[in-house]
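Q: I have a structure here, written as C-alpha cells, and I will follow up with some questions on it.
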Amino acid sequence: MSLPQKNPFQITAYYSGNTCIIDEKHSFQTCEVLCKLFNYNVLELEDVRDDLKSLLQSLLFKFDRNYYAWENYDKNAYDAQAHLNFVKDLLLKMPLYKYTIKPKDLNYYDLIHCLSHHSNMFDHQYNSLMSDIEDEEQKEKMRQRGVPEETIKHIFEPTEDDDYYDDDFEEPEDYLLVEDPKYRKKDYGFYDSHILQSISTHKDDLRHFQPEWHNDDLELKDYLGAELLNTDLRNLIEPYIEFLDTIINLNKTYGRFLDEYVHSKSRYLNETEIAELFETYINERYGRKIITPCGTMSLVCKTIKQGNKLVWCDVYTFDSLSAFLYFDFFRGLRQGYIPKRCEHCGKYFLLTSGRYYDFCERVVKGTNGKTCRDIGAHKKYEEKCKSDPVWLAYNRAYKAHYARLLKKKMTKSEFLTWSIWAAEYRDAALAGKVRIEEYEKKIKE
C-alpha cells in the first residue's frame, strides 16, 4: 500500500521585497499570480467542482438504504478519480505549481489506494468477478489485434517466478502493464477500459468496488470502518473542492473588492483609505462572498542563491492556494502592487510603478501592435472632447496650432511653448480657476 501523498496544493514562497521567488529560475511580483488566476475560464472548473461534491456524497457510507449509490459505487469511484486527476493536470499548467510539481510527484491513483486501504468494506467476490470478466474482454481484444497467446499468457497468467515476492523489493509506484510496442497500432492505447488504464498493480489494491452490505441486518454494518473510510475520503477529496472553489470565486471576492472599492476613486489610495474601504466592504456584503482567511502558514528565514548573489528571504509555506493568495494580496495592497481590471479588454493587470492606469499593455489583435493602453487612452480622450467644453476647446486649439506648425507658420519651439502653456491653462480651467467664457476665448489665441 502506498504511503500518504504529500499535499499537492502546498506552496513554498520565498519573499524578498515585492518579489515572490519560487525557485532559482522563476519568480513573480506580489499579486502577479492573482492577476493571472483572475483571467481563468471558470465554467469547466465549476462543473468539475460540482461533480466532485456530488460524487463525494455518493462515496460516503451513510447507511440510508441508498441502493442506487451502492449499485453505482464502482463507477462513481472512477469518475471521482478522473476529476481528481483533472485537477492534478491543471496544477501542472498553473502559475506557481508548474515550476514546483512534476507528474511523477502526483499520485494519480490516490482515491483507488484510499478505497483499497479499506478493502474490508467491499465485496471481494464482486471485485474478483468483475476483474476476471474485464481480463477476458481484454484478452479477446488482444487476440483480435494479433497479439500472440504467449504474450497474453505472460501478462494475465504470471508464472511462479512472476509470483515470487521479495519483502525487500519495493515495487515502483507507477508500474503498469504495458503492451509490447510491436503490437501497438499508431497511438491507439493498449487497454480500452478506463478502469484498467487507471489501475496500478499494487498487490493489495482492489480494481472494483462494491459495498459489502445488501440487506438491513445491523450486525453486518461496520460503523467504525465506515467512519474511518468517510474521514479518509473527506480528507482526500475536500481539499480539491476547496482549491477549485478558490479559483472559481476569485472574481466574486477579491475582484469585487478591487473593482467596487479599491478602484472606486480611480487613483492610488493611502493605507488608511484602503483600511476604511475594507471595513465597509466587510460590513456591506449582504450575504455575498467576501475575502476570508483560509488554511495555515508557517515562516522561516533563509538565504537563497539568485544568480551570483545570496538573497535574504522570508520563506512562507502555505497549505493551500487560498492561504497563499490571502497573504500575497494584502502584502501587495499595502505596497502599491494592485491588480486592476483593464477598461478595454476586461482582463486584470498589475499596477506597480506608482502611476495609475485604466488600461493594460496587452497587444490588441488586428491593430498593428497597438495596446489596450494606446486604444483606451485615445478613446477616453475623444470622449472627454465630446462631453467636456474645456477639453473640447483645448482639442480644437491644439489642432489649429498643430496645423500652423505643419504649414511652418510657427516654429517647433513656439509650438512647444504654446502646448505647455495650453495644458497648464486647461488644467486651471478644469479646476474651476478660470471662467469657461474667458478660457474658450484665450486658448484660441
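The values are calculated or read from the model by the stated rules, or taken from the named source; none is laboratory data. This is a predicted model, so every value here is computed, not measured. We place every Cβ from the backbone using ideal geometry, glycine too, and count neighbours over all the protein chains shown.
Okay, residues lined up against (1) among the acidic types (Asp, Glu); (2) farther than 20 Å from THR12 by Cβ:
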| site | (1), (2) |
| --- | --- |
| ASN270 | no, yes |
| GLU273 | yes, yes |
| THR296 | no, no |
| VAL311 | no, no |
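Q: Residues that are within 18 Å of SER320 (Cβ to Cβ): which strands (runs of 3 or more DSSP E) entirely in the range 1-99 hold 3 or more of them?
A: In the range 1-99, 11-16 are the strands (runs of 3 or more DSSP E) which contain 3 or more residues that are within 18 Å of SER320 (Cβ to Cβ).
Q: Moving on to the next point. Taking the range 4-15 only, how many residues are of a type outside the set (Phe, Trp, Tyr) and at pLDDT 90 or above?
A: So the count comes out to 5.
Q: While we're looking at this one, here's another question. Does ILE112 satisfy being under 21 Å from LYS25 (Cα atoms), surrounded by 18 or more Cβ atoms within 10 Å (Cβ to Cβ), among the hydrophobic types (A, V, I, L, M, F, W, C) and out of contact with any strand residue (DSSP E or B) (no Cβ under 8 Å at 6 or more places or on another chain)?
A: No.
Q: Hey, does the range 324-335 have a residue that's in a loop (DSSP other than H, G, I, E, B), under 18 Å from SER16 (Cβ atoms) and not β-branched (Val, Ile, Thr)?
A: Yes, the range 324-335 contains a residue that is in a loop (DSSP other than H, G, I, E, B), under 18 Å from SER16 (Cβ atoms) and not β-branched (Val, Ile, Thr).
Q: Any residue that is loosely packed, with under 15 Cβ neighbours inside 10 Å, modelled with pLDDT under 85, touching a His at 6+ places or on another chain (Cβ under 9 Å) and not aromatic (Phe, Trp, Tyr) - is there at least one of those in the range 376-392?
A: Within the range 376-392, one or more residues are loosely packed, with under 15 Cβ neighbours inside 10 Å, modelled with pLDDT under 85, touching a His at 6+ places or on another chain (Cβ under 9 Å) and not aromatic (Phe, Trp, Tyr).
Q: Another question, then. From CYS294, CYS313, which residue is of a type outside the set (Asp, Glu), surrounded by 10 or more Cβ atoms within 10 Å (Cβ to Cβ), part of a strand (DSSP E or B) and in contact (Cβ under 8 Å) with a residue 24 or more places away in the chain?
A: That would be CYS313, the only listed residue that is of a type outside the set (Asp, Glu), surrounded by 10 or more Cβ atoms within 10 Å (Cβ to Cβ), part of a strand (DSSP E or B) and in contact (Cβ under 8 Å) with a residue 24 or more places away in the chain.
Q: Continuing with the same structure: Just the residues that are in contact (Cβ under 8 Å) with a residue 40 or more places away in the chain and β-branched (Val, Ile, Thr), please, taken from the range 354-407.
A: VAL390
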